[in-house]
1. Kindly indicate which of Gly156, Gly206 is more than 10 Å from the ligand (Cβ to nearest atom), assigned to a loop (DSSP other than H, G, I, E, B) and either more than 25 Å from Ala334 (Cβ to Cβ) or of a type in the set (Phe, Trp, Tyr) (or both).
2. Which residue out of Glu107, Glu129, Glu72 is within 28 Å of Phe179 (Cα to Cα) and away from the ligand (no atom under 16 Å from the Cβ)?
3. Give the residue that is surrounded by the most Cβ atoms within 10 Å (Cβ to Cβ), with candidates limited to residues of segment 265-280 that are farther than 21 Å from Ser138 by Cβ and away from the ligand (no atom under 14 Å from the Cβ).
4. Would you mention how many residues in segment 31-46 are more than 15 Å from the ligand (Cβ to nearest atom) and crowded, with 23+ Cβ neighbours inside 10 Å?
5. Of all residues in segment 335-358, how many are over 23 Å from the mean Cα position of the chain (by Cα), closer than 15 Å to Gly11 by Cα and of a type in the set (A, V, I, L, M)?
6. Go through Ile223, Ile188 for me and flag whichever is in contact (Cβ under 8 Å) with a residue 24 or more places away in the chain, of a type outside the set (Phe, Trp, Tyr), in a loop (DSSP other than H, G, I, E, B) and touching a Ser or Thr at 6+ places or on another chain (Cβ under 9 Å).
7. Could you identify the single residue in Ala202, Ala114, Ala177, Ala215 that is of a type in the set (A, V, I, L, M, F, W, C), under 19 Å from Leu270 (Cβ atoms), outside the structural domain of Gly44 (by TED's automatic domain parsing) and surrounded by fewer than 24 Cβ atoms within 10 Å (Cβ to Cβ)?
8. Could you give me the residue pairs with C-beta distances under 9 Å whose first residue belongs to segment 107-131 and is of a type in the set (Lys, Arg), whose second residue is within 16 Å of the ligand (Cβ to nearest atom) and part of a helix (DSSP H, G or I) wherever it lies, and which are 6+ apart or on separate chains?
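The values are calculated or read from the model by the stated rules, or taken from the named source; none is laboratory data. Source: prediction; values computed, not measured. Here the Cβ is made from the backbone with ideal geometry for all residues, glycine too, and neighbour counts use every protein chain on show.
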Amino acid sequence: MSAMLLFGHDGLRQAITLVFEAGGADAPTARAVAAMLVEANLSGHDSHGIQMVTYYVDCLANGGLDPKARPELVLDGGAVLKIDGHRGFGAVAGALAMEKGIERAREHGVALVALANSHHLGRIGHWAEVCLEAGLISLHFVNVIGHNPMVAPWGGRQSRLGTNPFCAGIPGTNNHAPFVLDFATSRIAFGKVGVAHDKGEALPEGTMVAADGLATRDPATMIPDTRGGALLAMGEHKGGGLAMLCELLGGALTGGGVSKPENHVDDTTLNGMLSILINPDALGGFAGMASEIDAVTEWVRSSATAQGHETIMLAGEPERAAKRLRLEQGIPLAKPAWEAFVAAGERLGVASQTLEQAAA
Ligand code: NAD
(Lines give C-alpha, C1' and ligand atoms only; values in the text may rest on other atoms or scores of the structure.)
Protein backbone atom coordinates (compact mmCIF):
# COMPACT_ATOMS: atom_id res chain seq x y z
CA MET A 1 0.00 0.00 0.00
CA SER A 2 1.30 3.47 -0.95
CA ALA A 3 1.26 6.40 1.50
CA MET A 4 -1.80 8.65 1.18
CA LEU A 5 -1.71 12.48 1.10
CA LEU A 6 -4.68 14.78 1.76
CA PHE A 7 -5.52 17.93 -0.25
CA GLY A 8 -8.18 20.64 -0.23
CA HIS A 9 -10.25 20.93 -3.42
CA ASP A 10 -9.44 24.63 -4.00
CA GLY A 11 -5.72 24.01 -3.85
CA LEU A 12 -5.91 21.09 -6.30
CA ARG A 13 -7.95 23.23 -8.71
CA GLN A 14 -5.34 25.98 -8.58
CA ALA A 15 -2.43 23.60 -9.11
CA ILE A 16 -4.12 21.91 -12.10
CA THR A 17 -4.99 25.31 -13.61
CA LEU A 18 -1.31 26.31 -13.50
CA VAL A 19 -0.31 23.14 -15.36
CA PHE A 20 -2.77 23.61 -18.21
CA GLU A 21 -2.01 27.31 -18.57
CA ALA A 22 1.63 26.28 -18.98
CA GLY A 23 0.42 23.70 -21.51
CA GLY A 24 -1.04 26.39 -23.78
CA ALA A 25 -4.66 26.71 -22.58
CA ASP A 26 -6.12 30.14 -21.86
CA ALA A 27 -7.05 30.84 -18.22
CA PRO A 28 -10.83 30.08 -18.48
CA THR A 29 -10.10 26.80 -20.31
CA ALA A 30 -7.48 25.73 -17.76
CA ARG A 31 -9.92 26.57 -14.95
CA ALA A 32 -12.72 24.59 -16.62
CA VAL A 33 -10.49 21.51 -17.00
CA ALA A 34 -9.34 21.79 -13.39
CA ALA A 35 -12.93 22.16 -12.17
CA MET A 36 -14.09 19.08 -14.11
CA LEU A 37 -11.23 16.92 -12.84
CA VAL A 38 -11.48 18.00 -9.19
CA GLU A 39 -15.27 17.44 -9.28
CA ALA A 40 -14.50 13.81 -10.20
CA ASN A 41 -12.16 13.50 -7.20
CA LEU A 42 -14.79 15.06 -4.95
CA SER A 43 -17.35 12.56 -6.27
CA GLY A 44 -15.05 9.69 -5.30
CA HIS A 45 -14.01 8.82 -8.88
CA ASP A 46 -10.27 9.35 -8.53
CA SER A 47 -9.76 7.54 -11.83
CA HIS A 48 -11.16 10.64 -13.55
CA GLY A 49 -9.68 13.35 -11.37
CA ILE A 50 -6.23 14.92 -10.99
CA GLN A 51 -4.80 11.50 -11.87
CA MET A 52 -5.75 12.27 -15.50
CA VAL A 53 -3.38 15.27 -15.70
CA THR A 54 -0.29 13.19 -16.58
CA TYR A 55 -2.21 11.60 -19.43
CA TYR A 56 -3.58 14.92 -20.70
CA VAL A 57 0.00 16.33 -20.68
CA ASP A 58 1.14 13.31 -22.75
CA CYS A 59 -1.64 14.11 -25.22
CA LEU A 60 -0.60 17.79 -25.35
CA ALA A 61 2.96 16.66 -26.12
CA ASN A 62 2.00 14.25 -28.90
CA GLY A 63 -0.58 16.56 -30.53
CA GLY A 64 -3.54 14.37 -29.58
CA LEU A 65 -5.00 17.25 -27.55
CA ASP A 66 -5.10 20.81 -28.93
CA PRO A 67 -5.16 23.26 -25.98
CA LYS A 68 -6.36 26.12 -28.18
CA ALA A 69 -9.13 24.29 -30.10
CA ARG A 70 -12.65 25.68 -29.65
CA PRO A 71 -15.68 23.42 -30.06
CA GLU A 72 -17.83 24.39 -33.05
CA LEU A 73 -21.57 24.08 -33.65
CA VAL A 74 -21.46 22.50 -37.12
CA LEU A 75 -25.15 21.64 -37.52
CA ASP A 76 -28.05 23.58 -36.04
CA GLY A 77 -31.38 21.92 -36.68
CA GLY A 78 -33.26 23.47 -33.73
CA ALA A 79 -33.74 20.50 -31.43
CA VAL A 80 -30.99 18.56 -33.23
CA LEU A 81 -27.44 19.81 -32.84
CA LYS A 82 -24.02 18.63 -33.90
CA ILE A 83 -20.82 19.90 -32.31
CA ASP A 84 -17.25 19.19 -33.39
CA GLY A 85 -14.80 19.31 -30.47
CA HIS A 86 -11.80 19.64 -32.84
CA ARG A 87 -9.73 17.55 -30.39
CA GLY A 88 -9.82 20.27 -27.75
CA PHE A 89 -10.41 19.81 -24.01
CA GLY A 90 -13.55 17.79 -23.20
CA ALA A 91 -14.33 20.14 -20.31
CA VAL A 92 -14.97 22.89 -22.86
CA ALA A 93 -16.65 20.80 -25.58
CA GLY A 94 -18.91 19.06 -23.05
CA ALA A 95 -19.89 22.41 -21.52
CA LEU A 96 -20.89 23.85 -24.92
CA ALA A 97 -22.81 20.67 -25.80
CA MET A 98 -24.80 20.86 -22.54
CA GLU A 99 -25.32 24.64 -22.73
CA LYS A 100 -26.80 24.37 -26.25
CA GLY A 101 -28.74 21.21 -25.40
CA ILE A 102 -30.29 22.82 -22.30
CA GLU A 103 -31.29 25.90 -24.31
CA ARG A 104 -32.98 23.76 -27.00
CA ALA A 105 -34.63 21.30 -24.61
CA ARG A 106 -36.22 24.29 -22.83
CA GLU A 107 -37.46 25.58 -26.18
CA HIS A 108 -38.58 22.31 -27.83
CA GLY A 109 -39.10 19.93 -24.88
CA VAL A 110 -36.30 17.69 -26.10
CA ALA A 111 -32.84 18.11 -27.63
CA LEU A 112 -30.52 15.66 -29.37
CA VAL A 113 -26.87 16.71 -29.17
CA ALA A 114 -24.21 14.84 -31.16
CA LEU A 115 -20.72 15.72 -29.94
CA ALA A 116 -17.81 14.37 -32.02
CA ASN A 117 -14.01 14.64 -31.76
CA SER A 118 -13.90 15.80 -28.17
CA HIS A 119 -10.83 15.01 -26.13
CA HIS A 120 -11.63 13.09 -22.89
CA LEU A 121 -15.01 14.13 -21.45
CA GLY A 122 -14.10 12.94 -17.97
CA ARG A 123 -16.74 11.59 -15.63
CA ILE A 124 -19.91 11.56 -17.74
CA GLY A 125 -22.09 11.94 -14.63
CA HIS A 126 -20.74 15.49 -14.47
CA TRP A 127 -22.66 16.31 -17.68
CA ALA A 128 -25.84 14.70 -16.36
CA GLU A 129 -25.47 16.85 -13.22
CA VAL A 130 -25.21 19.99 -15.38
CA CYS A 131 -28.54 18.98 -17.00
CA LEU A 132 -30.06 18.22 -13.57
CA GLU A 133 -29.21 21.72 -12.35
CA ALA A 134 -31.38 22.95 -15.24
CA GLY A 135 -34.19 20.54 -14.17
CA LEU A 136 -33.68 18.26 -17.19
CA ILE A 137 -33.56 14.50 -17.66
CA SER A 138 -30.60 13.36 -19.77
CA LEU A 139 -29.22 10.23 -21.40
CA HIS A 140 -25.63 9.98 -22.68
CA PHE A 141 -24.10 7.29 -24.88
CA VAL A 142 -20.32 7.63 -25.19
CA ASN A 143 -17.62 5.86 -27.21
CA VAL A 144 -13.85 6.08 -26.95
CA ILE A 145 -11.32 6.06 -29.79
CA GLY A 146 -7.80 7.43 -30.38
CA HIS A 147 -5.87 4.70 -28.60
CA ASN A 148 -5.75 0.91 -28.46
CA PRO A 149 -9.08 -0.63 -27.45
CA MET A 150 -9.15 -1.97 -23.90
CA VAL A 151 -12.28 -4.06 -23.56
CA ALA A 152 -13.02 -7.52 -24.92
CA PRO A 153 -16.50 -8.06 -26.36
CA TRP A 154 -18.75 -10.55 -24.55
CA GLY A 155 -17.46 -13.98 -25.53
CA GLY A 156 -14.06 -12.63 -26.68
CA ARG A 157 -10.66 -12.28 -25.02
CA GLN A 158 -9.07 -9.59 -27.22
CA SER A 159 -9.79 -5.88 -26.80
CA ARG A 160 -12.11 -4.50 -29.44
CA LEU A 161 -13.94 -1.60 -27.79
CA GLY A 162 -13.29 1.31 -25.43
CA THR A 163 -14.75 1.47 -21.93
CA ASN A 164 -17.80 3.23 -23.50
CA PRO A 165 -19.71 4.83 -20.61
CA PHE A 166 -23.49 5.10 -20.39
CA CYS A 167 -25.08 7.72 -18.19
CA ALA A 168 -28.59 8.89 -17.24
CA GLY A 169 -29.78 11.63 -14.89
CA ILE A 170 -33.33 11.98 -13.51
CA PRO A 171 -34.21 15.03 -11.40
CA GLY A 172 -34.86 14.63 -7.70
CA THR A 173 -38.04 15.60 -5.86
CA ASN A 174 -38.70 17.48 -2.61
CA ASN A 175 -38.16 14.15 -0.86
CA HIS A 176 -35.48 12.37 -2.87
CA ALA A 177 -32.17 13.34 -4.47
CA PRO A 178 -31.60 12.92 -8.24
CA PHE A 179 -30.88 9.53 -9.76
CA VAL A 180 -27.51 9.63 -11.56
CA LEU A 181 -26.58 6.34 -13.20
CA ASP A 182 -23.10 6.61 -14.69
CA PHE A 183 -20.76 3.75 -15.48
CA ALA A 184 -18.22 2.36 -17.90
CA THR A 185 -19.64 -0.63 -19.77
CA SER A 186 -16.43 -2.51 -18.90
CA ARG A 187 -16.53 -4.13 -15.45
CA ILE A 188 -14.36 -1.26 -14.21
CA ALA A 189 -13.27 2.01 -15.83
CA PHE A 190 -9.68 1.82 -17.13
CA GLY A 191 -8.64 4.69 -14.85
CA LYS A 192 -9.40 2.42 -11.89
CA VAL A 193 -6.67 0.07 -13.14
CA GLY A 194 -4.29 3.06 -12.85
CA VAL A 195 -5.56 3.94 -9.37
CA ALA A 196 -5.06 0.33 -8.19
CA HIS A 197 -1.58 0.35 -9.79
CA ASP A 198 -0.66 3.58 -7.92
CA LYS A 199 -1.95 2.20 -4.63
CA GLY A 200 -0.27 -1.18 -5.13
CA GLU A 201 -3.63 -2.97 -4.87
CA ALA A 202 -5.06 -5.95 -6.77
CA LEU A 203 -8.05 -5.50 -9.09
CA PRO A 204 -11.45 -6.92 -8.15
CA GLU A 205 -11.96 -10.54 -9.18
CA GLY A 206 -13.24 -11.08 -12.72
CA THR A 207 -12.39 -7.70 -14.23
CA MET A 208 -9.43 -8.50 -16.51
CA VAL A 209 -7.85 -11.24 -18.59
CA ALA A 210 -4.18 -11.39 -19.67
CA ALA A 211 -3.21 -11.83 -23.33
CA ASP A 212 -3.42 -15.62 -22.91
CA GLY A 213 -7.10 -15.24 -21.91
CA LEU A 214 -6.51 -16.26 -18.28
CA ALA A 215 -8.04 -14.20 -15.48
CA THR A 216 -5.66 -11.83 -13.66
CA ARG A 217 -5.97 -9.27 -10.85
CA ASP A 218 -2.62 -7.60 -11.54
CA PRO A 219 -3.07 -4.00 -12.82
CA ALA A 220 0.47 -4.17 -14.30
CA THR A 221 -0.97 -6.49 -16.96
CA MET A 222 -2.29 -3.39 -18.79
CA ILE A 223 0.06 -0.71 -17.38
CA PRO A 224 2.10 0.75 -19.00
CA ASP A 225 1.23 -1.33 -22.09
CA THR A 226 -2.53 -1.72 -22.45
CA ARG A 227 -2.01 -4.50 -24.99
CA GLY A 228 -0.94 -6.89 -22.19
CA GLY A 229 -4.56 -7.80 -21.49
CA ALA A 230 -8.21 -6.82 -21.81
CA LEU A 231 -10.89 -5.58 -19.44
CA LEU A 232 -14.08 -7.64 -19.53
CA ALA A 233 -17.48 -6.21 -20.44
CA MET A 234 -19.89 -5.78 -17.51
CA GLY A 235 -23.16 -7.66 -17.38
CA GLU A 236 -22.20 -10.44 -19.78
CA HIS A 237 -24.09 -10.30 -23.09
CA LYS A 238 -26.36 -7.47 -21.86
CA GLY A 239 -23.48 -5.17 -20.85
CA GLY A 240 -21.62 -6.18 -24.01
CA GLY A 241 -24.68 -5.11 -26.00
CA LEU A 242 -24.87 -1.76 -24.19
CA ALA A 243 -21.15 -1.18 -24.95
CA MET A 244 -21.89 -1.80 -28.62
CA LEU A 245 -24.89 0.56 -28.49
CA CYS A 246 -22.61 3.32 -27.10
CA GLU A 247 -20.29 2.66 -30.04
CA LEU A 248 -23.11 2.84 -32.57
CA LEU A 249 -24.69 6.02 -31.13
CA GLY A 250 -21.63 7.76 -29.64
CA GLY A 251 -19.26 6.88 -32.50
CA ALA A 252 -21.23 6.12 -35.68
CA LEU A 253 -24.25 8.45 -35.31
CA THR A 254 -22.28 11.46 -34.02
CA GLY A 255 -19.78 11.11 -36.88
CA GLY A 256 -16.86 11.01 -34.45
CA GLY A 257 -15.86 7.55 -35.64
CA VAL A 258 -16.04 4.04 -34.20
CA SER A 259 -13.50 1.66 -32.69
CA LYS A 260 -11.63 0.25 -35.72
CA PRO A 261 -7.87 -0.19 -36.28
CA GLU A 262 -7.33 3.10 -38.14
CA ASN A 263 -8.93 4.98 -35.22
CA HIS A 264 -6.57 3.47 -32.63
CA VAL A 265 -3.27 4.92 -33.78
CA ASP A 266 -3.09 8.48 -32.39
CA ASP A 267 -2.18 7.83 -28.76
CA THR A 268 -4.93 10.09 -27.45
CA THR A 269 -8.51 9.73 -26.14
CA LEU A 270 -11.36 11.03 -28.22
CA ASN A 271 -14.93 10.72 -26.99
CA GLY A 272 -18.04 10.82 -29.12
CA MET A 273 -21.18 11.48 -27.07
CA LEU A 274 -24.81 11.33 -28.12
CA SER A 275 -26.91 13.14 -25.51
CA ILE A 276 -30.69 13.27 -25.29
CA LEU A 277 -32.02 16.02 -23.03
CA ILE A 278 -35.67 15.94 -21.99
CA ASN A 279 -37.65 18.66 -20.24
CA PRO A 280 -40.09 16.72 -17.99
CA ASP A 281 -42.42 19.73 -17.96
CA ALA A 282 -43.00 19.22 -21.70
CA LEU A 283 -45.04 16.09 -20.89
CA GLY A 284 -47.52 17.90 -18.69
CA GLY A 285 -45.47 19.08 -15.72
CA PHE A 286 -43.02 17.47 -13.33
CA ALA A 287 -45.45 17.22 -10.39
CA GLY A 288 -47.04 13.96 -11.58
CA MET A 289 -43.69 12.39 -12.29
CA ALA A 290 -42.34 13.56 -8.92
CA SER A 291 -45.02 11.69 -6.96
CA GLU A 292 -44.28 8.52 -8.96
CA ILE A 293 -40.54 8.95 -8.33
CA ASP A 294 -41.26 9.22 -4.60
CA ALA A 295 -43.50 6.14 -4.68
CA VAL A 296 -41.05 3.88 -6.50
CA THR A 297 -38.04 5.14 -4.52
CA GLU A 298 -39.75 4.36 -1.21
CA TRP A 299 -40.96 0.98 -2.49
CA VAL A 300 -37.49 0.01 -3.70
CA ARG A 301 -35.87 1.10 -0.45
CA SER A 302 -38.38 -0.93 1.58
CA SER A 303 -36.78 -4.21 0.47
CA ALA A 304 -34.89 -6.15 3.13
CA THR A 305 -31.16 -6.06 2.42
CA ALA A 306 -29.29 -8.99 0.92
CA GLN A 307 -26.36 -10.65 2.68
CA GLY A 308 -23.32 -8.34 2.67
CA HIS A 309 -25.36 -5.13 2.14
CA GLU A 310 -26.16 -2.69 4.92
CA THR A 311 -28.47 -0.41 2.96
CA ILE A 312 -30.14 -0.10 -0.41
CA MET A 313 -28.59 2.78 -2.29
CA LEU A 314 -29.75 4.37 -5.50
CA ALA A 315 -27.46 5.57 -8.25
CA GLY A 316 -25.92 8.93 -7.43
CA GLU A 317 -25.81 8.33 -3.67
CA PRO A 318 -22.21 7.06 -3.40
CA GLU A 319 -20.97 10.13 -5.32
CA ARG A 320 -22.95 12.56 -3.13
CA ALA A 321 -21.72 10.83 0.03
CA ALA A 322 -18.10 11.00 -1.21
CA LYS A 323 -18.53 14.68 -2.02
CA ARG A 324 -19.90 15.52 1.42
CA LEU A 325 -17.00 13.72 3.07
CA ARG A 326 -14.25 15.07 0.81
CA LEU A 327 -15.48 18.67 0.97
CA GLU A 328 -15.18 18.36 4.71
CA GLN A 329 -12.09 16.21 5.13
CA GLY A 330 -10.10 16.75 1.91
CA ILE A 331 -9.24 14.65 -1.14
CA PRO A 332 -6.91 11.71 -0.48
CA LEU A 333 -4.29 10.98 -3.14
CA ALA A 334 -1.77 8.16 -3.24
CA LYS A 335 1.79 9.59 -3.05
CA PRO A 336 2.77 8.21 -6.50
CA ALA A 337 -0.28 9.93 -8.04
CA TRP A 338 0.76 13.31 -6.57
CA GLU A 339 4.38 12.76 -7.67
CA ALA A 340 3.24 11.91 -11.21
CA PHE A 341 1.13 15.12 -11.28
CA VAL A 342 4.11 17.22 -10.15
CA ALA A 343 6.36 15.56 -12.76
CA ALA A 344 3.77 16.35 -15.47
CA GLY A 345 3.79 20.01 -14.39
CA GLU A 346 7.58 20.09 -14.43
CA ARG A 347 7.57 18.78 -18.00
CA LEU A 348 5.66 21.95 -18.93
CA GLY A 349 8.05 24.16 -16.96
CA VAL A 350 6.03 24.58 -13.73
CA ALA A 351 8.32 24.23 -10.70
CA SER A 352 7.39 21.56 -8.15
CA GLN A 353 7.46 24.19 -5.34
CA THR A 354 4.90 26.29 -7.25
CA LEU A 355 2.53 23.31 -7.47
CA GLU A 356 3.08 22.37 -3.85
CA GLN A 357 2.37 25.93 -2.73
CA ALA A 358 -0.76 26.16 -4.92
CA ALA A 359 -2.11 22.90 -3.54
CA ALA A 360 -1.17 23.56 0.10
P1 NAD B 1 -18.84 2.50 -10.94
O2 NAD B 1 -18.64 1.05 -11.14
O3 NAD B 1 -18.27 3.14 -9.71
O4 NAD B 1 -20.42 2.74 -10.99
C5 NAD B 1 -20.89 4.01 -10.78
C6 NAD B 1 -22.40 4.03 -10.86
O7 NAD B 1 -22.99 3.03 -10.02
C8 NAD B 1 -22.89 5.36 -10.34
O9 NAD B 1 -24.10 5.70 -10.98
C10 NAD B 1 -23.12 5.07 -8.86
O11 NAD B 1 -24.01 5.99 -8.26
C12 NAD B 1 -23.70 3.68 -8.93
N13 NAD B 1 -23.45 2.89 -7.72
C14 NAD B 1 -22.25 2.59 -7.18
N15 NAD B 1 -22.40 1.82 -6.10
C16 NAD B 1 -23.73 1.63 -5.94
C17 NAD B 1 -24.53 0.91 -4.99
N18 NAD B 1 -23.99 0.22 -3.99
N19 NAD B 1 -25.87 0.94 -5.14
C20 NAD B 1 -26.44 1.62 -6.16
N21 NAD B 1 -25.74 2.31 -7.09
C22 NAD B 1 -24.40 2.31 -6.97
O23 NAD B 1 -18.32 3.37 -12.19
P24 NAD B 1 -17.25 2.97 -13.31
O25 NAD B 1 -17.83 2.02 -14.27
O26 NAD B 1 -15.98 2.62 -12.63
O27 NAD B 1 -17.09 4.39 -14.02
C28 NAD B 1 -16.43 5.44 -13.32
C29 NAD B 1 -16.49 6.71 -14.10
O30 NAD B 1 -15.71 6.60 -15.27
C31 NAD B 1 -17.87 7.13 -14.58
O32 NAD B 1 -18.07 8.44 -14.11
C33 NAD B 1 -17.78 7.12 -16.10
O34 NAD B 1 -18.52 8.12 -16.75
C35 NAD B 1 -16.31 7.36 -16.30
N36 NAD B 1 -15.81 6.90 -17.60
C37 NAD B 1 -15.47 7.84 -18.54
C38 NAD B 1 -14.96 7.42 -19.76
C39 NAD B 1 -14.59 8.41 -20.82
O40 NAD B 1 -14.06 8.00 -21.86
N41 NAD B 1 -14.83 9.68 -20.65
C42 NAD B 1 -14.81 6.06 -20.03
C43 NAD B 1 -15.20 5.15 -19.05
C44 NAD B 1 -15.69 5.57 -17.82
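1. Gly156
2. Just one listed residue meets the conditions, Glu107.
3. That would be Asp266.
4. 1
5. Summing the residues that are over 23 Å from the mean Cα position of the chain (by Cα), closer than 15 Å to Gly11 by Cα and of a type in the set (A, V, I, L, M) in segment 335-358 gives 2.
6. So the residue among Ile223, Ile188 that is in contact (Cβ under 8 Å) with a residue 24 or more places away in the chain, of a type outside the set (Phe, Trp, Tyr), in a loop (DSSP other than H, G, I, E, B) and touching a Ser or Thr at 6+ places or on another chain (Cβ under 9 Å) is Ile188.
7. Ala114
8. Hits for this filter: Arg123/Met36; Arg123/Leu37; Arg123/Glu39; Arg123/Ala40; Arg123/Ser47; Arg123/His48; Arg123/Glu319.
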